[in-house]
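Reviewing the structure listed below.
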Ligand SMILES: [Zn+2]
């Protein structure tokens, strides 16, 4: 493992480069997204909640504008996964999301030569907007999975905070996969996730999508679920459909038919996505984007905030630690991570971006 960690540490520079691609635009966006929210904003309020509500699991609203009741925690450890960055307290999700992670971790280990998943952010205890890192992940139906395989030992909480991300991109090259880190097992893992009917979208870096388009020789039926997006070069993002019966969950249109290896992908390799925004006209009033307030979310989200918290986490059903252990591993006064090193899920979206994501 020392080797793996050393390898990971050596990748810090690569990550820096990945972030530097489209540098000013993306860096500016990250800075804007990570500015301290004001105390009354939805980000600050949902980000300050430590435990989920009692009651049945229910998503309210849309992936990028909503909240959830009755969330469950992914156990910190399962037979084929380890949850990362525990201090963030973002291991909460709809049971349908948690069971999808469990299913993928098991299948990937059994069939795809992928020893286990390192699980990143799912959602906050009651969902809602996050102070750092994501535009979506608000209703418990999104999850980030690292593109780094699980090591063959259980990491300590400190190691889970410190292990750096490893980008799949090559240094000093535009949107090019690094052949020294990308493996056929990465491709199999992505297509395994895409094969599940409940999985509607998987966000990956455009370079990863292109690699898949160029090299995947198996069944391409589900390749269209892989959607190119900014960032997503060291993790991929799984989005599942609204679960059956989730009446207050706003569905997203399914991806268009086809493998997506078309002009919607070619666009990412044009200058458009990386162009600097036009400077405002000299006489234009500066527009300060308004913060999202709880009242901007579905009405039910205020009730979700007001609802009583669970007194203990629902029993883990995935062979992980007991509910009490989950709570112990996650003290409610845990300090926030010192650095938010997660790339944003969604970067700026220029007007001419083809095809809905
Ligand atoms: Zn994500």
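Values quoted throughout were computed directly from the atomic coordinates according to the rules given, and no laboratory measurement underlies them. Just so you know, these numbers come straight off a predicted model, no measurement behind them. Glycine gets a Cβ as well: all are built from the backbone with ideal geometry, and neighbour counts include every protein chain shown.
In whole angstrom, note down how far apart the Cα centers of the stretch 116-132 and the stretch 54-74 are.
12
At 0.36 nm per residue, minus the direct Cα-Cα distance, what do residue 111 and residue 247 gain on full extension? Give it in nm, one decimal, please.
Once the chain is fully extended between residue 111 and residue 247, it gains 45.5 nm.
Within the stretch 193-218, what residues put their amide N at less than 20 Å from the label point 7 Å along the Cα-to-Cβ vector of residue 176?
The answer is 205-216, whose backbone nitrogens lie closer than 20 Å to the label point.
Can you give the FRET efficiency for residue 269 and residue 290, using 1/(1 + (r/R0)^6), R0 = 30 Å, r = Cβ-Cβ distance, to the nearest 0.05?
0.30
Show me 197-210, 38-51, 106-119, 287-300 ranked by packing, highest mean number of other Cβ atoms within 10 Å first.
So the peptides 197-210, 38-51, 106-119, 287-300, ranked by packing, come out 197-210, 106-119, 38-51, 287-300.
What ranking, highest mean first, results for peptides 125-131, 64-70 when packing means the other Cβ atoms within 10 Å averaged over each residue? Intermediate results must be reported in sequence, preceding the final value.
Values: 125-131: 26.1, 64-70: 24.6.
Ranking the peptides 125-131, 64-70 by packing returns 125-131, 64-70.
In which sequence would 230, 63 go, from the one with the fewest C-beta neighbours within 10 Å to the one with the most?
230, 63
Could you give the length gained by full extension between residue 311 and residue 283, i.e. 0.36 nm per residue of separation minus their alpha carbon distance, to one decimal place?
Additional length available on full extension: 4.5 nm.
Given the stretch 153-199, what whole percent of its Cα pairs are spread farther than 16 Å?
Taking all Cα-Cα pairs of the stretch 153-199, the fraction more than 16 Å apart is 62 percent.
Just need the relative contact order of the stretch 167-304 here, percent rounded to a whole number, with Cα pairs under 8 Å and 6+ apart.
In percent, rounded to a whole number, it is 22.
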